[in-house]
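Structure first, then comments.
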Amino acid sequence: MSALRILSPSRSPADRTARAGVSWTLHAYLGIEILKVFGFVLLMLELGYALLVSVVISRRLDIDFLLVLPAFWTTALAMLNDSIPLALLFATALVYGRAVADREMTALKSFGLSHRQLLAPALLLGLAAATAGSIVVGYLAPEMNFRKRDIGRALLEAQLRYLGEGSNRDFPFGNHSLWIRQYNGRSLQGIFLSLQLGSENNQKDGGGQGILPEELVKGLNPVSESLYLYAQRGEVLLPEDLRREGFTPPRRPRDGTAGADEEAEGESELPTVIVFRLYNVRLFVSDQIFHPHEPSDFMQRMDLDVLPVSYDPAGSISIRRRPKQLSLGTLASQMPMARRELEAMSPEDPAYAKSQEEYFKTVAEFHWRWARMASFFLYPVLAAVVALFLNAENRFVAFFVSCIIGPSAFYGLGTVGQILGEKGFAPWLSLHMGTILLVGIPTFGFYVLERGQLQGRFRGFLEALRASLYRLPRKSVGEEVESAGPREREP
């Protein structure tokens, strides 16, 4: 008994203090390793996404790659609510998987460290990530999503600013068609512009009313494909040129809200539009504009010496923010107001269905934000528990299993929950199905690690199943052939 007492671990306060010091050293070691891998993975995800989008856009719009890349920094920042938890999942799975494969975890267990102490670094990093996630998901990502609306103007301005010399070039000009036969810098030759004044998409951006001078299209009743022009030459005026010339930008359409009016007033002080000053213009107008009830293919022609054509890509986007572009606090404050407005309306009201849809989308987005913030904490915990539970000799097993379980469960069930939540089917539950699963899997794994009972029971179940299979009566050869059917009789 004395030898057992000597070999048994001491329970003195000094020994507990020493163990606590070893535990904190372990926490620092694992935490630093996870942070190093996390930084590298996060950088790769953000750069990979930005580069991929930039390459696609540069090829589609025929823009130099270096001109496209700076415009997508807002897109990369808007992706942080997905890339941060994924990077934490990858980093934790790789670090814990390597420690398990190198038998470091086994050695630490032999020193008396429990599973709780081994999981503490992942828990602490998860709490820190959840704190940062509340800022990223609640405020940063929505603001970046809102600022992405200005990306079209930045790309078009980059194209025209560094145009160079060439011919036969199409430009993204909203829902309209712009073609230039030859260009040299900002000097243009042979400009063709087709305006679709009456299409459904153009109703959102004013139907071309902000592109041509107001006195030219005032009082018209436009129809689709009703107006186009050709100019012999022209020049491009960028925002700094407009400021020097004292150009007054057109007032953006207001949506009726006070905030939108204030923002429109503020944005009208600084011109962000792009103007094409065209010379020797031939303007062709469909006769249906003047006689809408008389079908006719006749085109009326107008000759103009000078025609300024202005275009503001940001003006075609509504100033009102969508639910995905609102901060978490704004969503929380809008939910009760939208509910009261919906309750005050009658179901027979034509606007009731639209108001109900907007209310459901707002509630669904609110719950989805909380689910995203929970993923910042649950992803590293899931990866650590999976690595300790599997105890695999291959360091990449925990990584692949964590990647299969975590993102597939969260985003798969989250997509289903968004569909159900936007229809009004219990958003408080449907949007959190993935979160519930991410909570249940680590909890179950930790219970098994602490109790150590499931493995024995599962092994006993397999042995019983194998024994029952061996006790089954075997069929004769003739019975096997008859039961197999004609296809299995053939050799």
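Annotations
- As a rough footprinting exposure proxy, the listed residues Arg243, Arg169 were ranked by other beta carbons within 10 Å of their own, and the order from fewest upward is Arg243, Arg169.
- Karplus (6.51, -1.76, 1.60) ³J(HN,Hα), θ = phi - 60°, over the range 433-442, in Hz, Gly and Pro reported as x: 5, x, 5, 4, 5, 5, 7, x, 5, x
- For Met345, residues with placed amide H under 5 Å, excluding near neighbours: none
- Proximity of backbone amide H atoms, modeled 1.01 Å from N, is registered between Asn391 and no other residue at under 5 Å, excluding neighbours fewer than 5 places apart on the same chain.
- Using Cβ point charges alone (K and R +1, D and E -1), the dipole size of the range 36-112 about the Cα centre works out to roughly 260 debye.
- Coupling constants for the range 154-163 follow from the phi torsions by the Karplus curve (6.51 cos²θ - 1.76 cosθ + 1.60, θ = phi - 60°), and in residue order they are 5, 5, 5, 5, 5, 4, 6, 6, 10, 6 Hz; glycine and proline get x.
Just so you know, all these numbers are worked out from the coordinates, no wet-lab data involved. Bear in mind the structure is a predicted one, so any value in this text is a computation, not a measurement. With ideal geometry, Cβ positions are generated from the backbone for all residues, glycine too; neighbour counts draw on all protein chains shown.
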